[in-house]
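Written out below as structure tokens is the structure these notes cover.
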Amino acid sequence: MTSLRCRLVGRVECYYGSMAFFQTIIHNIFLLYHVDLFVSVYKIDKMSFWVGETIFLIWNSLNDPLFGWLSDKQYLSRSNNHSEPPSSALEVVTNRLNALMYTGPLMAVSFVLFWFPWGYPGLQFAVCLCLYDGFLTMVDLHHSSLLADLAVSAKERTQLNTMSSFFSAIGSASVFFSYSVWSKENLSSFRIFCLCLAVFAFLGFFIAANLMKHERTRSLKKSFSYDDSWSSRSDSYDGPGQAVKPGIVTFVSQLSKQRNFIWFTLMNLIQVFHCHFNSNFFPLFLENLLGNSVSSSFGSFLIGISFLAPHVNNLFFLELCKRYGVYTVIQILFSIKLALSLFMFFMGPNNLWLLCLFIASNRVFTEGTCKLLNLVISDLVDEDYVLHNRKRAVSALIFGSTALLSKPGQTLAPLIGMWLLAMQTGHDIFQTSNKIVSLQLGDGEVGPSAHEQYRQGCFNLLVYIPILCAVVQIAVWSQFKLHGHRLRWVKSCRTGTDHSLI
């Protein structure tokens, strides 16, 4: 039984991680290029850009809790007895995998729609953003929920997250290749590259979800350490008449009273904003702060490293989490981000190699924190399960609810970033004359003094944002109490009433 369990765990972890790989190879390309594409190539006007981002903000905020509710509303039952046959837990996993089997390929299809012009830029911008984010949300929601559904113990969840980070690191290789084929003047090579990625991800999602589902069907039940006593205890399983199924209003009321959930979503809002700000404005910092001082090959290397290193570092961070706990590791990462940003602020924008190091490390520590947050949300799933005495953990609902207040940071990042850029530099990218609309200031547009002012403004934007984010996050994170004794109590309550699948 032990050897079977080990083989099963390895396969499940591998399939789970491979789905992170297929998501990473296309999502990193989206993050890096979609804003620059519509602004610089499709020449979207300012009003259409803001309208599209506003529509996206509303949709992006609502789709996570909506999909979470549709996925988990049947599991909101409350019961005084949690003795439940393992088959119900397996059914939850099967439903997640069925969703991934179809939404993953559809996400790949929607990704392709960005890179080929097919309509008015403003319309294409809004439709592509909402369509892609809808499928991305379903993929991310069900994949993240599997982390809480497949395991309860911190060790097993860390193993799953480690495998996910390993495959994501491999998937980040797409960024290295993308910069070499990216050209605003001729997008043919870049479009072929994106199409190949989409086809690969389409097939990969479908095959990985099928294999994981087949593995679960074939032998997952054998991995349980239980006997026929389940059948003899089936009379203690609460039927529909004994369960209380709260509606959405009751669930929201319950969630609003969980202080740890509230503090986490506030911290996560800032974190999502900072992550997407770094991704959206990476080309800006690369072009205007480093400029011609670095070759295109070095720029490609720097971008690739900035996307790869967070996943590699996360393997180290996860080891630290095993030793010191997720809360402490995240607290340290916030402090490092603040210290590095203050150091760069005092050093100024004229040290080329320090700038290179800071631009890359800023993404590494910010994204590194993001990679750990699913572990925290999984703990919030456990806390909700215990506090409200649920029959099954509502993983997708909790993950979706945290995104309700957190994901708007994804939309606010380019909007606030461009507004601050205009304030700091006096240059509105939507009003560039004699040039294609661009994040970069053209040589023939203004004199050398204005170029220096623009460069200084970009530097201010580079350092002010992480300083402000880090200060607020450190203050907010200190109020989060789901760690130490509190977390051990929650884990002991859940492991005493539920079963881990791996």
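A single entry from VAL376, VAL364 fulfils the requirement of being modelled with pLDDT under 80, crowded, with 19+ Cβ neighbours inside 10 Å and assigned by the TED database to the domain that holds PHE316: VAL364.
Of the residues ASP64, ASP36, ASP72, which single one is open to solvent by less than 20 Å² (accessible area, probe 1.4 Å), under 15 Å from the mean Cα position of the chain (by Cα) and modelled with pLDDT under 85? Sole residue among the options that is open to solvent by less than 20 Å² (accessible area, probe 1.4 Å), under 15 Å from the mean Cα position of the chain (by Cα) and modelled with pLDDT under 85: ASP64. Across segment 253-272, the number of residues qualifying as open to solvent by 60 Å² or more (accessible area, probe 1.4 Å) and touching a residue at least 24 places away in the same chain (Cβ under 8 Å) comes to 3.
Given the structure, is SER87 of a type in the set (Ser, Thr, Tyr), outside the structural domain of PRO283 (by the TED database) and modelled with pLDDT of 80 or more?
On the way: of a type in the set (Ser, Thr, Tyr): yes; outside the structural domain of PRO283 (by the TED database): yes; modelled with pLDDT of 80 or more: no.
Judged against the criteria, SER87 is not a match.
Do we have GLY239 as loosely packed, with under 15 Cβ neighbours inside 10 Å, within 31 Å of the chain's Cα centre (by Cα) and at pLDDT below 80 here? Judged against the criteria, GLY239 is not a match. For segment 411-423, the candidate set comprises residues that are surrounded by fewer than 24 Cβ atoms within 10 Å (Cβ to Cβ) and not aliphatic (A, V, I, L, M); within that set, the residue that is nearest to LEU462 (Cα to Cα) is GLY417. Among residues of segment 114-141 that are closer than 19 Å to LEU404 by Cβ, those with a beta-carbon under 6 Å from a residue that is among the charged types (D, E, K, R) at least six positions away or on a different chain give the pairs THR137/ASP64.
Please work out if PHE316 is farther than 30 Å from LEU136 by Cα, out of contact with any helix residue (DSSP H, G or I) (no Cβ under 7 Å at 6 or more places or on another chain) and either outside any helix (DSSP H, G or I) or aromatic (Phe, Trp, Tyr) (or both).
Working: farther than 30 Å from LEU136 by Cα: no; out of contact with any helix residue (DSSP H, G or I) (no Cβ under 7 Å at 6 or more places or on another chain): yes; either outside any helix (DSSP H, G or I) or aromatic (Phe, Trp, Tyr) (or both): yes.
So PHE316 fails the test.
If you check ILE248 against the conditions, is it open to solvent by 20 Å² or more (accessible area, probe 1.4 Å), modelled with pLDDT of 65 or more and either assigned by the TED database to the domain that holds LEU405 or over 30 Å from the mean Cα position of the chain (by Cα) (or both)? No: the conditions fail for ILE248.
Against the list (1) crowded, with 21+ Cβ neighbours inside 10 Å; (2) in contact with a Ser or Thr (Cβ under 6 Å, 6 or more places away or on another chain); (3) not polar (S, T, N, Q), the condition LEU352 fails is (1). Residue count for segment 39-61, restricted to those that are within 22 Å of the chain's Cα centre (by Cα) and open to solvent by 10 Å² or more (accessible area, probe 1.4 Å): 6.
Look through segment 172-215, keep the residues that are of a type in the set (D, E, K, R) and either closer than 21 Å to ASN280 by Cβ or open to solvent by 80 Å² or more (accessible area, probe 1.4 Å) (or both), and return whichever of them is farthest from the chain's Cα centre (by Cα). Give the derivation first.
Of segment 172-215, the ones of a type in the set (D, E, K, R) are 184-185, 191, 213, 215.
When the remaining residues are screened for being either closer than 21 Å to ASN280 by Cβ or open to solvent by 80 Å² or more (accessible area, probe 1.4 Å) (or both), the result is 184-185, 191.
Details: LYS184: 27, GLU185: 31, ARG191: 24 Å.
Step by step, filter segment 172-215, then rank; the result is GLU185.
Which of (1) open to solvent by 10 Å² or more (accessible area, probe 1.4 Å); (2) at pLDDT 85 or above is the odd one out, the single condition PHE334 does not satisfy? That leaves (1) as the condition not met. Within segment 449-465, is there a residue that is modelled with pLDDT of 70 or more, not in a helix (DSSP H, G or I) and not aliphatic (A, V, I, L, M)? No, there is no match, as no residue in segment 449-465 is modelled with pLDDT of 70 or more, not in a helix (DSSP H, G or I) and not aliphatic (A, V, I, L, M).
The values are calculated or read from the model by the stated rules, or taken from the named source; none is laboratory data. Not measured: the values here are computed from a predicted model. Reconstructed Cβ throughout: ideal geometry from the backbone, glycine too, with neighbour counts over all protein chains shown. Heavy atoms of the whole protein, side chains included, go into the accessibility calculation; ligands, DNA and RNA do not. Shrake-Rupley method; radii C 1.70, N 1.55, O 1.52, S 1.80 Å.
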